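The values are calculated or read from the model by the stated rules, or taken from the named source; none is laboratory data. Please read all numbers here as calculations on a predicted model, not as lab measurements. Glycine also receives a Cβ, built like all others from the backbone with ideal geometry; neighbour counts cover every protein chain displayed. Surface accessibility is based on the protein's heavy atoms, side chains included, excluding ligands, DNA and RNA. Shrake-Rupley method; radii C 1.70, N 1.55, O 1.52, S 1.80 Å.
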Amino acid sequence: RFHGEGYQEGYAEGSHVGVVEGRRYGSLHGAKIGSEIGCYLGFALTWQCLLQKCTDEKNSKKRRALDSLIGMIRKFPYEDPTYDKLQEDLEKIRGKFKQVCSMLNIQSDFRIGTERSSLTF
């Protein structure tokens, strides 16, 4: 009987601590992903405005790539933490961002650390 009661109490306490820890972990990593995607969107929208008046073919390709990146970011399911392809879509966005940076001849380095986050060009 004592063994069963102890097990039930330990299980309940462990479940509670697990929920609290999981919520903290999810909030931290969700904020990191949100910060990263927000930087990508700001970058793409800024370059889209800068290239708006350029009409040559080379800049047209850049604008199409920027439009594609913006579209991918806008379709990203921010409100659905159970989305099964979240990591896959995030990797596609990162790849498209790198492609756009390459087309614009910009060195990009996105880092998120515990001390600070930075996006450098």
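Residues in the range 53-68 that are open to solvent by 70 Å² or more (accessible area, probe 1.4 Å), part of a helix (DSSP H, G or I) and among the basic types (K, R): K58, K61, R64. Within the range 1-40, the residues that satisfy the criterion of being of a type in the set (S, T, Y) and open to solvent by 100 Å² or more (accessible area, probe 1.4 Å) are Y7, Y11, Y25.
Take the residues of the range 41-52 that are closer than 15 Å to I106 by Cβ and over 17 Å from the mean Cα position of the chain (by Cα): which is least open to solvent (accessible area, probe 1.4 Å)? Within the range 41-52, the match that is least open to solvent (accessible area, probe 1.4 Å) is L51. For the range 69-85, a residue qualifies if it is assigned to a loop (DSSP other than H, G, I, E, B) and surrounded by 15 or more Cβ atoms within 10 Å (Cβ to Cβ), and exactly one does: F76.
The set of residues in the range 86-110 that are exposed (fewer than 12 other Cβ atoms within 10 Å of the Cβ), more than 22 Å from L51 (Cβ to Cβ) and touching a residue at least 12 places away in the same chain (Cβ under 8 Å) is empty.
Among the residues making up the range 11-42, those that are of a type in the set (A, V, I, L, M, F, W, C) and more than 26 Å from I93 (Cα to Cα) are A12, V17, V19, V20. Look at the range 57-85: where a residue is closer than 22 Å to G22 by Cβ and a partner is part of a loop (DSSP other than H, G, I, E, B) and open to solvent by less than 50 Å² (accessible area, probe 1.4 Å), sitting 6+ places away or on another chain with Cβ atoms under 6 Å, you get Y83/P77.
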